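The values are calculated or read from the model by the stated rules, or taken from the named source; none is laboratory data. Computed from a prediction, not measured in an experiment: that's the story for all the values here. For neighbour counting, all protein chains shown are included, and Cβ atoms are generated from backbone atoms with ideal geometry for every residue, glycine included.
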Amino acid sequence: MKLYYFLFSVFVLSFSTGVVAQNNMYLTAEDSDKEAINILTKSKEVLNKSETLFFDFTFSTKYAGQIPDEQSGILKQKGDMYYLEFGDRTIYCDGKDVRVYQRTQNILEINDLSEESGMVSPKALLDLYESADFVFVLGDNLKLKGKVLNTLMLKPVDKESEFSKINILIDSKSYLPYEIAIMYKDGLKNNIKINEILLNQKIQNSVFKFNEAEHPGVSVEDLRMN
């Protein structure tokens, strides 16, 4: 379950851009590059102005020495509601609870909506710039497929953090996230490539609600505590 709720805060991009300047130790949030914060702020503003968000993405996960596992998915967001289709699961959140449907087994799991179960999306991840848990470093621009991308690295301040670093690529023209990544200290590398972002699309509220009538024989497991 952690994979699905934490999906959009993980993706790793292994590129060497000289992100950390030799003359700056980048030990606390106060050491963050002002331009890196400025880019994240502009990206967040672009996404916040959109009433709805649609993401088409490709997700891969890999441990050192292993072949990457790659899957595609889609995410739709409207306010506090979201719909995530990924692998064998579809997650529905209507802002009240979280319903996880396992398609091959025809099982529906209902969970309370809480901070622990809330999904971290590209939009939510950009809020990290307001956190004192990371120091933000601006790297060299990266040219890829006709785009000029800003490269940013988030380094955890806490040495005991499970993260090694978080890398974010942002389109320098549109300020839309292009890739968002996390590298874990245990060697796990995850990567999400955002193939397409659509803003202000018409999305009916019914999209974020699971319709049991459309899934005959579904087994329901209600795990809500409240």
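Of all residues in segment 30-61, those satisfying the criterion of being touching a Gly at 6+ places or on another chain (Cβ under 9 Å) and under 25 Å from GLY187 (Cα atoms) are PHE57, THR58, PHE59. Within segment 152-179, the set of residues being of a type in the set (Lys, Arg), surrounded by fewer than 16 Cβ atoms within 10 Å (Cβ to Cβ) and under 19 Å from GLU35 (Cβ atoms) comprises LYS173 only. Of everything in segment 188-218, what is among the aromatic types (Phe, Trp, Tyr) and either in contact with an Asp or Glu (Cβ under 6 Å, 6 or more places away or on another chain) or on the phi > 0 side of the Ramachandran plot (or both)? Give them in sequence order. Correct list: PHE208 only.
Under the condition of being surrounded by fewer than 14 Cβ atoms within 10 Å (Cβ to Cβ), part of a loop (DSSP other than H, G, I, E, B), at pLDDT below 90 and touching a strand residue (DSSP E or B) at 6+ places or on another chain (Cβ under 9 Å), the residues counted in segment 27-83 number 7.
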